[in-house]
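The values are calculated or read from the model by the stated rules, or taken from the named source; none is laboratory data. These figures come from a predicted structure and were not determined experimentally. No Cβ is skipped: glycine too gets one built from the backbone with ideal geometry, and neighbour counts run over all protein chains shown.
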Amino acid sequence: MRLLLVEDEVSIANFIQEGLSEEGFAVDVAYNGKDGLRLALDNLDEYDILLLDWMLPGMSGIEICRQVRKENQQLPIIFLTAKDSVDDVVFGLETGANDYLRKPFAFDELLARIRVLLRNTAGEQNTFSAGNIEMNVETYQVTKNGQPVELTQKEFALLEYLLRNKGKICRRTRIIEKIWDVNFDRDTSVIDVYINFLRKKLDDPGQPSFLQTIRGVGYRVHDDA
């Protein structure tokens, strides 16, 4: 999952980015309104959720929300702001936001709201499987034959993306866009490294991999896996 955070307070932005990265999200950060709007509009098809501060230099979160809503009515948006009157909340929601979180807030509450929005917006399911492999994104657990398998953050995020698209070809460029943030150098060869990590941890010895390589294109989880 990839999201955009637009927040001008660097300490808050770093705190949120670090926490969400630890949860397996790819997080792009903008520190002013104009950069935030540019990133949002340039990557509308890639972002799964937007986190917007209300009061930003250059352009307010309200204006970013309005501009995004002209292009995309479905993308979940959460306002993060110190403005906490009932009128402010109503105004923010009527502008097009899906949720509103008052500062200061607990990170666990932000994470819970993100997960609820993602689940509600896309009919989100919590569990995915391929053969003897099962994943629960809510509890952050992966099992093989019922036994837990330890994955790194990026391994988990990559496996989640592949399982969500089971049976479909996942192109290398698309994987980079969804799993790595905007600062990544776009070297798709790193995907091969992580695919090998997953195969070593999850494949059955002597059996074909559940991750099929589509040469020159990307990867696919077998339909019958």
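Assuming Leu56 fulfils every condition listed in (1) over 17 Å from Gln17 (Cβ atoms); (2) more than 21 Å from the chain's Cα centre (by Cα) apart from one, which condition is it?
Among (1) over 17 Å from Gln17 (Cβ atoms); (2) more than 21 Å from the chain's Cα centre (by Cα), Leu56 violates only (1).
Pull out all pairs, ordered by first then second residue, where Cβ-Cβ is under 7 Å, the residues are six or more apart or on different chains, the first lies in the range 10-39 and is free of Cβ contacts under 8 Å to residues at least 24 places away in the same chain, and the second is of a type outside the set (A, V, I, L, M).
So the pair list comes out as Val10/Tyr31; Ala13/Glu7; Ala13/Tyr31.
Exactly one of these conditions fails for Ser11: (1) over 28 Å from Cys170 (Cβ atoms); (2) in a loop (DSSP other than H, G, I, E, B); (3) at pLDDT 90 or above. Give me its number.
Exception for Ser11: condition (2).
Matching residues to (1) assigned by TED's automatic domain parsing to the domain that holds Glu9; (2) over 27 Å from Ile175 (Cβ atoms); (3) assigned to a helix (DSSP H, G or I):
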position: Leu50; (1), (2), (3): yes, no, no
position: Ile62; (1), (2), (3): yes, yes, yes
position: Arg69; (1), (2), (3): yes, yes, yes
position: Leu75; (1), (2), (3): yes, no, no
position: Asp88; (1), (2), (3): yes, yes, yes
position: Glu94; (1), (2), (3): yes, yes, yes
position: Asp108; (1), (2), (3): yes, yes, yes
position: Arg115; (1), (2), (3): yes, no, yes
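I'm checking my understanding of the structure. Among residues of the range 117-141 that are in a strand (DSSP E or B) and free of Cβ contacts under 8 Å to residues at least 24 places away in the same chain, which one is farthest from the chain's Cα centre (by Cα)?
So the residue we want is Glu134.
Applying the selection to the range 72-129, what residues are of a type in the set (Gly, Ala, Ser) and crowded, with 16+ Cβ neighbours inside 10 Å?
Scanning the range 72-129 gives Gly92, Gly96, Ala97.
Looking only at the range 17-35, which residues are modelled with pLDDT of 95 or more, closer than 19 Å to Ile179 by Cα and not in a strand (DSSP E or B)?
Matches in the range 17-35: none.
Of all the residues that make up the range 59-96, how many are aliphatic (A, V, I, L, M) and over 23 Å from Ser21 (Cα atoms)?
Of the residues in the range 59-96, 9 are aliphatic (A, V, I, L, M) and over 23 Å from Ser21 (Cα atoms).
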